[in-house]
Amino acid sequence: RDKMASDDGVDSHTAALTGIAVTLVLICTYGGNLMQRLNNAYWFSSETTLAIFLGFCSSLPFCGWKPFDHVFTEEFDTIFFLYLLPPIIFESGYDLNQKDFFRNFAAILSFAVVGTVISTTVMGAGLFKLAQAGMITGINGTSTKEAMKFGSLMSATDPVATLAVLGSLNVEPQLYSLVFGESVLNDAVAIVLFQTVHKLPDSDNFALTWAQTGRIVATFTGVGLGSIIIGVCFGVFAAVLTRKFLRDAHSHSEVTIILAIAYLSFLVSDALGFSGLMTVFFCGVMMSHYAKYNISDAGRETCGAVARVLAYLSETVLFIYFGFIILPTLSASCDREEKYEIEWSFVFWTFVLANVARAAHIVPITLLLNASKRSSTAKKTRISMKSMFVMWFAGLRGAIAFALSLTFEGPSKRFVIPCVVLIILITNVILGQATAPLLHLLKIRTGVIVNEEDGNESLASSYAQRTESRASSYMQPTPIRDRATSSLTVSSGQGGASESAGSVRGG
(Lines give C-alpha, C1' and ligand atoms only; values in the text may rest on other atoms or scores of the structure.)
Protein backbone atom coordinates (compact mmCIF):
# COMPACT_ATOMS: atom_id res chain seq x y z
CA ARG A 1 0.00 0.00 0.00
CA ASP A 2 1.11 3.54 -0.70
CA LYS A 3 -0.41 4.72 2.56
CA MET A 4 -0.27 3.09 5.95
CA ALA A 5 -3.78 4.27 6.76
CA SER A 6 -6.32 6.33 4.89
CA ASP A 7 -6.94 8.64 7.83
CA ASP A 8 -3.37 9.72 8.53
CA GLY A 9 -1.98 9.86 5.01
CA VAL A 10 1.48 8.66 6.07
CA ASP A 11 3.58 7.30 3.23
CA SER A 12 4.56 3.72 4.01
CA HIS A 13 8.06 4.12 2.57
CA THR A 14 8.69 7.24 4.67
CA ALA A 15 7.38 5.48 7.76
CA ALA A 16 9.60 2.47 7.10
CA LEU A 17 12.72 4.60 6.70
CA THR A 18 11.82 6.60 9.81
CA GLY A 19 11.40 3.39 11.78
CA ILE A 20 14.79 2.19 10.58
CA ALA A 21 16.38 5.50 11.60
CA VAL A 22 14.87 5.39 15.09
CA THR A 23 15.99 1.79 15.54
CA LEU A 24 19.53 2.65 14.44
CA VAL A 25 19.68 5.59 16.85
CA LEU A 26 18.60 3.25 19.65
CA ILE A 27 21.22 0.64 18.72
CA CYS A 28 23.93 3.29 18.33
CA THR A 29 23.14 4.82 21.71
CA TYR A 30 23.16 1.51 23.52
CA GLY A 31 26.15 0.16 21.59
CA GLY A 32 28.13 3.36 22.07
CA ASN A 33 27.74 3.18 25.83
CA LEU A 34 28.75 -0.48 25.85
CA MET A 35 31.82 0.39 23.77
CA GLN A 36 33.03 2.61 26.59
CA ARG A 37 33.65 -0.49 28.66
CA LEU A 38 36.10 -1.77 26.04
CA ASN A 39 37.95 1.51 25.50
CA ASN A 40 41.30 2.03 27.18
CA ALA A 41 44.23 4.39 27.09
CA TYR A 42 45.70 2.59 24.06
CA TRP A 43 42.62 2.06 21.92
CA PHE A 44 39.44 4.09 21.75
CA SER A 45 36.49 3.53 19.42
CA SER A 46 34.10 6.46 19.10
CA GLU A 47 30.38 6.48 18.44
CA THR A 48 31.11 8.26 15.16
CA THR A 49 32.56 5.10 13.67
CA LEU A 50 29.74 2.98 15.11
CA ALA A 51 27.08 5.30 13.65
CA ILE A 52 28.69 5.23 10.19
CA PHE A 53 29.05 1.44 10.36
CA LEU A 54 25.43 0.92 11.39
CA GLY A 55 24.20 3.24 8.65
CA PHE A 56 26.26 1.42 6.04
CA CYS A 57 25.16 -2.05 7.13
CA SER A 58 21.50 -1.03 7.18
CA SER A 59 21.77 0.21 3.59
CA LEU A 60 22.93 -3.15 2.18
CA PRO A 61 19.49 -4.83 1.97
CA PHE A 62 17.99 -1.78 0.24
CA CYS A 63 20.41 -1.53 -2.66
CA GLY A 64 18.31 -1.60 -5.83
CA TRP A 65 15.06 -0.87 -3.98
CA LYS A 66 13.28 1.91 -5.87
CA PRO A 67 12.52 4.19 -2.85
CA PHE A 68 16.21 3.90 -1.94
CA ASP A 69 16.99 6.22 -4.87
CA HIS A 70 15.27 9.07 -3.05
CA VAL A 71 17.13 8.59 0.23
CA PHE A 72 20.20 10.27 -1.22
CA THR A 73 18.66 13.65 -1.86
CA GLU A 74 20.23 17.04 -2.33
CA GLU A 75 17.52 18.45 -0.08
CA PHE A 76 19.48 16.98 2.81
CA ASP A 77 21.71 20.05 2.92
CA THR A 78 18.62 22.15 3.79
CA ILE A 79 17.59 19.72 6.53
CA PHE A 80 21.17 19.63 7.79
CA PHE A 81 21.80 23.37 7.99
CA LEU A 82 18.29 24.35 9.11
CA TYR A 83 17.40 21.65 11.65
CA LEU A 84 20.31 19.37 12.58
CA LEU A 85 23.35 21.63 12.81
CA PRO A 86 21.96 24.52 14.96
CA PRO A 87 21.33 22.32 18.06
CA ILE A 88 24.89 20.96 17.85
CA ILE A 89 26.51 24.39 17.60
CA PHE A 90 24.25 25.93 20.26
CA GLU A 91 25.02 23.14 22.73
CA SER A 92 28.73 23.62 22.08
CA GLY A 93 28.43 27.27 23.12
CA TYR A 94 25.95 26.73 25.94
CA ASP A 95 28.01 23.99 27.63
CA LEU A 96 31.31 25.69 26.85
CA ASN A 97 34.12 25.74 29.39
CA GLN A 98 34.48 29.50 29.11
CA LYS A 99 37.59 29.77 31.26
CA ASP A 100 39.71 27.58 28.99
CA PHE A 101 38.06 28.79 25.79
CA PHE A 102 38.66 32.51 26.37
CA ARG A 103 42.08 31.87 27.89
CA ASN A 104 43.07 30.47 24.48
CA PHE A 105 40.70 32.64 22.44
CA ALA A 106 43.43 34.43 20.46
CA ALA A 107 44.95 31.11 19.42
CA ILE A 108 41.55 29.57 18.64
CA LEU A 109 40.56 32.58 16.53
CA SER A 110 43.87 32.47 14.68
CA PHE A 111 43.55 28.78 13.83
CA ALA A 112 39.84 29.00 12.97
CA VAL A 113 39.86 32.18 10.87
CA VAL A 114 43.36 32.75 9.50
CA GLY A 115 44.03 29.02 9.36
CA THR A 116 40.87 28.27 7.38
CA VAL A 117 41.69 31.00 4.86
CA ILE A 118 45.22 29.63 4.42
CA SER A 119 43.93 26.07 4.11
CA THR A 120 41.37 27.10 1.49
CA THR A 121 43.99 28.97 -0.51
CA VAL A 122 46.56 26.16 -0.42
CA MET A 123 44.03 23.48 -1.34
CA GLY A 124 42.34 25.55 -4.02
CA ALA A 125 45.61 26.66 -5.65
CA GLY A 126 47.09 23.17 -5.47
CA LEU A 127 44.10 21.44 -7.05
CA PHE A 128 43.80 24.13 -9.71
CA LYS A 129 47.43 23.66 -10.75
CA LEU A 130 46.95 19.88 -10.85
CA ALA A 131 43.83 20.32 -13.00
CA GLN A 132 45.71 22.65 -15.34
CA ALA A 133 48.46 20.07 -15.68
CA GLY A 134 45.91 17.40 -16.53
CA MET A 135 46.73 15.28 -13.49
CA ILE A 136 43.12 15.39 -12.24
CA THR A 137 39.83 15.93 -14.04
CA GLY A 138 37.55 16.29 -11.02
CA ILE A 139 38.11 20.06 -10.92
CA ASN A 140 37.78 22.61 -13.69
CA GLY A 141 41.26 23.56 -14.86
CA THR A 142 40.19 26.80 -16.54
CA SER A 143 38.66 28.63 -13.56
CA THR A 144 39.96 29.12 -10.06
CA LYS A 145 36.45 29.58 -8.63
CA GLU A 146 35.56 25.89 -8.61
CA ALA A 147 38.89 24.93 -7.04
CA MET A 148 38.51 27.58 -4.33
CA LYS A 149 34.96 26.43 -3.58
CA PHE A 150 36.15 22.87 -3.18
CA GLY A 151 39.09 24.06 -1.07
CA SER A 152 36.74 25.95 1.26
CA LEU A 153 34.42 23.00 1.83
CA MET A 154 37.36 20.65 2.44
CA SER A 155 38.74 23.12 4.97
CA ALA A 156 35.74 22.46 7.22
CA THR A 157 37.11 20.17 9.92
CA ASP A 158 34.89 18.04 12.13
CA PRO A 159 37.14 16.13 14.56
CA VAL A 160 34.33 14.46 16.52
CA ALA A 161 36.23 11.18 16.83
CA THR A 162 39.37 12.95 18.04
CA LEU A 163 37.43 15.09 20.52
CA ALA A 164 35.72 11.98 21.90
CA VAL A 165 39.13 10.45 22.61
CA LEU A 166 40.68 13.66 24.00
CA GLY A 167 37.67 14.25 26.24
CA SER A 168 37.37 10.71 27.55
CA LEU A 169 41.09 10.44 28.29
CA ASN A 170 41.11 13.92 29.86
CA VAL A 171 44.10 15.36 28.05
CA GLU A 172 45.62 18.71 28.95
CA PRO A 173 42.93 21.43 29.00
CA GLN A 174 44.85 23.64 26.59
CA LEU A 175 45.03 20.94 23.91
CA TYR A 176 41.37 20.02 24.18
CA SER A 177 40.31 23.67 24.21
CA LEU A 178 42.31 24.44 21.06
CA VAL A 179 40.96 21.46 19.10
CA PHE A 180 37.40 21.98 20.33
CA GLY A 181 37.36 25.76 19.85
CA GLU A 182 38.89 25.60 16.39
CA SER A 183 36.43 22.94 15.25
CA VAL A 184 33.39 24.96 16.36
CA LEU A 185 34.43 28.28 14.79
CA ASN A 186 36.01 26.61 11.77
CA ASP A 187 32.62 25.22 10.70
CA ALA A 188 31.07 28.66 10.50
CA VAL A 189 34.16 30.21 8.87
CA ALA A 190 34.34 27.52 6.18
CA ILE A 191 30.65 27.95 5.35
CA VAL A 192 31.02 31.72 5.07
CA LEU A 193 34.05 31.26 2.79
CA PHE A 194 32.18 28.76 0.64
CA GLN A 195 29.21 31.09 0.25
CA THR A 196 31.47 34.08 -0.45
CA VAL A 197 33.36 32.27 -3.21
CA HIS A 198 30.08 30.93 -4.60
CA LYS A 199 28.91 34.51 -5.24
CA LEU A 200 31.89 35.25 -7.50
CA PRO A 201 31.24 35.52 -11.26
CA ASP A 202 30.70 32.28 -13.19
CA SER A 203 33.21 32.14 -16.01
CA ASP A 204 35.43 29.44 -17.44
CA ASN A 205 38.29 31.94 -17.56
CA PHE A 206 37.62 33.50 -14.18
CA ALA A 207 40.72 34.52 -12.21
CA LEU A 208 40.97 36.35 -8.90
CA THR A 209 42.15 39.94 -9.01
CA TRP A 210 43.38 42.04 -6.12
CA ALA A 211 40.14 44.03 -6.16
CA GLN A 212 38.05 40.85 -5.95
CA THR A 213 40.30 39.51 -3.21
CA GLY A 214 39.77 42.70 -1.24
CA ARG A 215 36.00 42.41 -1.61
CA ILE A 216 36.13 38.81 -0.43
CA VAL A 217 38.12 39.79 2.66
CA ALA A 218 35.76 42.71 3.40
CA THR A 219 32.67 40.52 2.96
CA PHE A 220 34.14 37.75 5.05
CA THR A 221 35.10 40.15 7.87
CA GLY A 222 31.75 41.90 7.81
CA VAL A 223 29.80 38.66 7.92
CA GLY A 224 31.89 37.34 10.80
CA LEU A 225 31.62 40.48 12.94
CA GLY A 226 27.95 40.91 12.16
CA SER A 227 27.21 37.31 13.12
CA ILE A 228 28.96 37.72 16.47
CA ILE A 229 27.14 40.97 17.23
CA ILE A 230 23.74 39.43 16.47
CA GLY A 231 24.52 36.44 18.68
CA VAL A 232 25.63 38.65 21.55
CA CYS A 233 22.51 40.83 21.21
CA PHE A 234 20.18 37.84 21.37
CA GLY A 235 22.13 36.49 24.33
CA VAL A 236 21.76 39.81 26.17
CA PHE A 237 18.08 39.90 25.26
CA ALA A 238 17.62 36.44 26.79
CA ALA A 239 19.44 37.56 29.94
CA VAL A 240 17.25 40.67 30.35
CA LEU A 241 14.08 38.74 29.61
CA THR A 242 14.80 35.96 32.07
CA ARG A 243 15.88 38.38 34.81
CA LYS A 244 13.25 41.12 34.54
CA PHE A 245 10.17 39.44 33.09
CA LEU A 246 10.45 35.74 33.88
CA ARG A 247 9.99 35.18 37.58
CA ASP A 248 8.69 32.04 39.27
CA ALA A 249 8.08 30.43 35.90
CA HIS A 250 7.79 26.71 35.34
CA SER A 251 10.97 24.96 34.20
CA HIS A 252 9.44 23.90 30.87
CA SER A 253 8.60 27.55 30.14
CA GLU A 254 12.15 28.63 30.92
CA VAL A 255 13.63 25.95 28.69
CA THR A 256 11.26 26.80 25.85
CA ILE A 257 12.16 30.50 26.00
CA ILE A 258 15.92 29.84 26.09
CA LEU A 259 15.87 27.41 23.17
CA ALA A 260 13.41 29.49 21.14
CA ILE A 261 15.52 32.65 21.45
CA ALA A 262 18.64 30.70 20.48
CA TYR A 263 17.02 29.23 17.38
CA LEU A 264 15.49 32.59 16.50
CA SER A 265 18.98 34.14 16.56
CA PHE A 266 20.08 31.55 14.01
CA LEU A 267 17.11 32.23 11.72
CA VAL A 268 17.41 36.03 11.91
CA SER A 269 21.15 35.97 11.26
CA ASP A 270 20.73 33.64 8.30
CA ALA A 271 17.88 35.72 6.87
CA LEU A 272 20.03 38.86 7.06
CA GLY A 273 22.84 37.17 5.14
CA PHE A 274 25.14 36.50 8.08
CA SER A 275 26.39 33.22 9.51
CA GLY A 276 23.61 31.66 11.58
CA LEU A 277 26.01 29.07 13.00
CA MET A 278 28.44 31.65 14.35
CA THR A 279 25.50 33.63 15.72
CA VAL A 280 23.90 30.70 17.56
CA PHE A 281 27.28 29.70 19.02
CA PHE A 282 27.95 33.12 20.58
CA CYS A 283 24.31 33.35 21.60
CA GLY A 284 24.82 30.10 23.50
CA VAL A 285 27.99 31.46 25.10
CA MET A 286 26.18 34.60 26.29
CA MET A 287 23.24 32.60 27.59
CA SER A 288 25.57 30.31 29.49
CA HIS A 289 27.33 33.32 31.00
CA TYR A 290 24.23 35.26 32.05
CA ALA A 291 20.73 33.96 31.24
CA LYS A 292 21.38 30.48 32.60
CA TYR A 293 21.75 31.84 36.12
CA ASN A 294 18.54 33.86 35.95
CA ILE A 295 16.32 30.79 35.72
CA SER A 296 15.50 28.21 38.37
CA ASP A 297 17.78 25.32 39.27
CA ALA A 298 15.32 22.87 37.72
CA GLY A 299 15.13 24.96 34.54
CA ARG A 300 18.91 25.22 34.38
CA GLU A 301 19.40 21.48 34.67
CA THR A 302 16.58 20.72 32.25
CA CYS A 303 17.81 23.21 29.66
CA GLY A 304 21.31 21.74 29.71
CA ALA A 305 19.95 18.20 29.45
CA VAL A 306 17.59 19.05 26.58
CA ALA A 307 20.36 20.85 24.68
CA ARG A 308 22.67 17.84 25.09
CA VAL A 309 20.00 15.38 23.98
CA LEU A 310 19.12 17.44 20.90
CA ALA A 311 22.78 17.75 19.96
CA TYR A 312 23.37 14.05 20.51
CA LEU A 313 20.37 13.03 18.40
CA SER A 314 21.37 15.42 15.61
CA GLU A 315 24.93 14.12 15.49
CA THR A 316 23.86 10.49 15.61
CA VAL A 317 21.32 10.95 12.82
CA LEU A 318 23.92 12.80 10.73
CA PHE A 319 26.50 10.05 10.86
CA ILE A 320 23.95 7.27 10.45
CA TYR A 321 22.63 9.02 7.35
CA PHE A 322 26.16 9.46 6.09
CA GLY A 323 26.80 5.73 6.47
CA PHE A 324 23.46 5.01 4.80
CA ILE A 325 24.31 6.92 1.61
CA ILE A 326 27.83 5.54 1.17
CA LEU A 327 26.57 2.67 -0.97
CA PRO A 328 24.38 4.68 -3.36
CA THR A 329 27.18 7.21 -3.72
CA LEU A 330 30.09 4.88 -4.40
CA SER A 331 28.48 1.75 -5.84
CA ALA A 332 27.27 1.56 -9.43
CA SER A 333 25.12 -1.45 -8.54
CA CYS A 334 22.59 0.76 -6.74
CA ASP A 335 20.22 2.54 -9.09
CA ARG A 336 20.33 6.31 -8.90
CA GLU A 337 18.78 9.12 -10.82
CA GLU A 338 22.14 10.89 -10.94
CA LYS A 339 25.38 9.03 -11.61
CA TYR A 340 28.58 9.72 -9.68
CA GLU A 341 32.09 8.68 -10.54
CA ILE A 342 35.17 8.03 -8.42
CA GLU A 343 38.40 9.51 -9.74
CA TRP A 344 41.08 7.95 -7.58
CA SER A 345 43.77 10.46 -8.58
CA PHE A 346 41.43 13.25 -7.45
CA VAL A 347 40.82 11.48 -4.13
CA PHE A 348 44.54 10.89 -3.60
CA TRP A 349 45.62 14.46 -4.27
CA THR A 350 42.74 15.85 -2.22
CA PHE A 351 43.86 13.79 0.77
CA VAL A 352 47.49 14.84 0.31
CA LEU A 353 46.70 18.53 -0.12
CA ALA A 354 44.26 18.48 2.80
CA ASN A 355 47.07 17.40 5.10
CA VAL A 356 49.58 19.78 3.51
CA ALA A 357 47.13 22.69 3.80
CA ARG A 358 46.48 21.92 7.45
CA ALA A 359 50.20 21.82 8.19
CA ALA A 360 50.63 25.07 6.24
CA HIS A 361 48.61 26.95 8.84
CA ILE A 362 48.97 24.90 12.03
CA VAL A 363 52.78 25.07 12.08
CA PRO A 364 53.40 28.78 11.30
CA ILE A 365 50.52 30.02 13.46
CA THR A 366 51.73 27.91 16.39
CA LEU A 367 55.27 29.22 16.02
CA LEU A 368 54.06 32.84 15.81
CA LEU A 369 51.83 32.43 18.87
CA ASN A 370 54.68 30.90 20.85
CA ALA A 371 57.08 33.62 19.74
CA SER A 372 54.67 36.29 20.99
CA LYS A 373 54.71 34.81 24.51
CA ARG A 374 57.99 36.15 25.89
CA SER A 375 57.34 36.71 29.56
CA SER A 376 58.11 33.95 32.03
CA THR A 377 54.43 33.53 32.83
CA ALA A 378 53.34 33.53 29.18
CA LYS A 379 55.98 30.98 28.25
CA LYS A 380 54.18 28.42 30.40
CA THR A 381 51.16 28.67 28.10
CA ARG A 382 53.09 28.04 24.89
CA ILE A 383 51.77 25.29 22.64
CA SER A 384 54.08 22.30 22.73
CA MET A 385 55.29 20.61 19.55
CA LYS A 386 53.42 17.47 20.59
CA SER A 387 50.17 19.40 20.93
CA MET A 388 50.82 21.04 17.58
CA PHE A 389 51.18 17.61 15.96
CA VAL A 390 47.94 16.39 17.53
CA MET A 391 46.16 19.50 16.26
CA TRP A 392 47.41 18.78 12.75
CA PHE A 393 46.36 15.15 13.10
CA ALA A 394 42.89 16.21 14.30
CA GLY A 395 41.93 17.70 10.94
CA LEU A 396 39.21 15.15 10.26
CA ARG A 397 36.45 15.92 7.78
CA GLY A 398 32.80 15.35 8.53
CA ALA A 399 29.20 16.36 8.00
CA ILE A 400 29.89 20.02 7.12
CA ALA A 401 32.08 19.09 4.14
CA PHE A 402 29.54 16.50 2.99
CA ALA A 403 26.56 18.87 3.23
CA LEU A 404 28.44 21.60 1.35
CA SER A 405 29.40 19.13 -1.36
CA LEU A 406 25.68 18.49 -2.00
CA THR A 407 25.31 22.17 -2.93
CA PHE A 408 28.24 22.01 -5.35
CA GLU A 409 27.19 23.00 -8.87
CA GLY A 410 28.54 22.12 -12.28
CA PRO A 411 29.72 18.99 -14.11
CA SER A 412 32.46 18.38 -11.55
CA LYS A 413 29.85 17.54 -8.94
CA ARG A 414 29.81 13.87 -10.00
CA PHE A 415 33.49 13.67 -8.93
CA VAL A 416 33.28 15.96 -5.90
CA ILE A 417 30.67 14.10 -3.84
CA PRO A 418 32.32 10.62 -3.99
CA CYS A 419 35.68 12.26 -3.23
CA VAL A 420 34.31 14.00 -0.14
CA VAL A 421 32.62 10.79 1.06
CA LEU A 422 35.87 8.83 0.76
CA ILE A 423 37.92 11.52 2.52
CA ILE A 424 35.44 11.56 5.42
CA LEU A 425 35.62 7.78 5.69
CA ILE A 426 39.42 7.71 5.61
CA THR A 427 39.89 10.49 8.16
CA ASN A 428 37.22 9.31 10.63
CA VAL A 429 37.58 5.55 10.47
CA ILE A 430 41.38 5.34 10.13
CA LEU A 431 42.81 8.57 11.58
CA GLY A 432 40.09 8.90 14.19
CA GLN A 433 40.76 5.42 15.54
CA ALA A 434 44.49 6.11 15.60
CA THR A 435 44.15 9.07 17.99
CA ALA A 436 44.51 7.09 21.24
CA PRO A 437 47.63 5.20 20.06
CA LEU A 438 49.08 8.51 18.86
CA LEU A 439 48.62 10.11 22.28
CA HIS A 440 50.37 7.13 23.86
CA LEU A 441 53.19 7.26 21.30
CA LEU A 442 53.77 10.98 21.87
CA LYS A 443 53.50 10.49 25.66
CA ILE A 444 50.94 13.28 25.97
CA ARG A 445 49.54 13.64 29.47
CA THR A 446 46.14 12.01 29.97
CA GLY A 447 43.95 11.72 33.03
CA VAL A 448 44.35 15.43 33.82
CA ILE A 449 41.91 16.43 36.55
CA VAL A 450 41.33 20.15 37.00
CA ASN A 451 40.38 21.46 40.43
CA GLU A 452 37.62 24.03 40.05
CA GLU A 453 38.58 26.07 43.09
CA ASP A 454 42.23 26.79 42.38
CA GLY A 455 42.58 25.67 38.75
CA ASN A 456 45.43 23.30 39.61
CA GLU A 457 45.86 20.14 37.58
CA SER A 458 46.47 16.64 38.88
CA LEU A 459 46.86 13.28 37.21
CA ALA A 460 44.63 10.27 37.70
CA SER A 461 46.58 7.18 38.61
CA SER A 462 44.91 4.87 36.11
CA TYR A 463 42.54 4.71 33.19
CA ALA A 464 39.96 3.21 35.50
CA GLN A 465 40.09 6.30 37.69
CA ARG A 466 39.81 8.53 34.65
CA THR A 467 36.68 6.76 33.49
CA GLU A 468 35.17 6.27 36.94
CA SER A 469 33.11 9.42 36.53
CA ARG A 470 31.44 7.88 33.50
CA ALA A 471 30.74 4.48 35.04
CA SER A 472 27.41 5.53 36.48
CA SER A 473 26.16 6.89 33.16
CA TYR A 474 26.71 3.97 30.77
CA MET A 475 23.05 3.79 29.96
CA GLN A 476 22.70 7.53 29.35
CA PRO A 477 23.23 9.04 25.89
CA THR A 478 26.73 10.51 25.61
CA PRO A 479 27.23 13.10 22.84
CA ILE A 480 29.51 11.99 20.02
CA ARG A 481 31.38 15.26 20.33
CA ASP A 482 32.47 15.20 23.98
CA ARG A 483 31.60 18.50 25.56
CA ALA A 484 34.06 20.96 26.98
CA THR A 485 32.46 21.02 30.38
CA SER A 486 32.43 17.30 30.98
CA SER A 487 35.93 16.67 29.75
CA LEU A 488 37.88 19.64 31.01
CA THR A 489 36.50 20.40 34.45
CA VAL A 490 36.13 17.41 36.69
CA SER A 491 35.65 18.19 40.34
CA SER A 492 37.71 16.01 42.63
CA GLY A 493 35.75 13.54 44.71
CA GLN A 494 32.64 13.71 42.48
CA GLY A 495 31.40 11.10 40.09
CA GLY A 496 30.17 13.40 37.35
CA ALA A 497 31.26 16.42 35.42
CA SER A 498 31.12 19.75 37.16
CA GLU A 499 29.84 23.04 35.90
CA SER A 500 32.10 25.18 33.77
CA ALA A 501 34.68 26.82 35.95
CA GLY A 502 34.69 29.96 33.88
CA SER A 503 30.97 30.62 34.19
CA VAL A 504 30.04 33.81 35.97
CA ARG A 505 26.59 34.38 37.39
CA GLY A 506 24.85 37.05 35.42
CA GLY A 507 22.77 39.90 36.69
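The values are calculated or read from the model by the stated rules, or taken from the named source; none is laboratory data. This is a predicted model, so every value here is computed, not measured. Neighbour counts run over all protein chains shown; Cβ positions are idealised from the backbone, glycine included. With ligands, DNA and RNA removed, areas are computed over all heavy atoms of the protein, side chains included. Shrake-Rupley method; radii C 1.70, N 1.55, O 1.52, S 1.80 Å.
Observations
- Label-point separation, Thr407 to Leu368 (7 Å along Cα→Cβ), nm: 2.8
- Measuring between their Cα centroids, the stretch 296-334 and the stretch 335-390 lie 26 Å from each other.
- Between His440 and Ile229, the simple label model (points 7 Å from Cα in the Cβ direction) yields a spacing of 5.2 nm.
- Probe 1.4 Å, accessible area per residue of the stretch 305-397, Å²: 46
- For the stretch 406-437, the residues whose amide N sits under 17 Å from a probe point set 7 Å from the Cα of Thr142 along the beta carbon direction are 410-413.
- Net charge in the neighbourhood of Gly31 (other residues with Cβ under 13 Å of its Cβ; Lys, Arg +1, Asp, Glu -1) is 0.
- Extension gain for Ala15 to Tyr83 (0.36 nm times residue separation, less C-alpha to C-alpha distance): 22.5 nm.
- Spin-label zone in the stretch 176-196 - amide nitrogen under 17 Å from a point set 7 Å from the Cα of Ser375 along the C-beta vector: none
- When each of Lys373/Lys443; Lys99/Lys373; Lys149/Lys386; Lys145/Lys386; Lys199/Lys339 is checked by Cα-Cα distance, pairs over 30 Å: Lys149/Lys386; Lys145/Lys386
- Rounded to the nearest 20 debye, dipole of the stretch 150-255 from Cβ charges on Lys, Arg, Asp, Glu: 440
- Compared with the alpha-carbon gap, the fully stretched path from Asn355 to Glu301 is longer by 15.4 nm at 0.36 nm per residue.
- Site pair Trp210 and Leu34 shows an inter-label distance of 6.4 nm when each label is modelled 7 Å from Cα along Cα→Cβ.
- If the segment from Phe105 to Lys199 were pulled out straight at 0.36 nm per residue, it would be longer than the present Cα-Cα gap by 30.8 nm.
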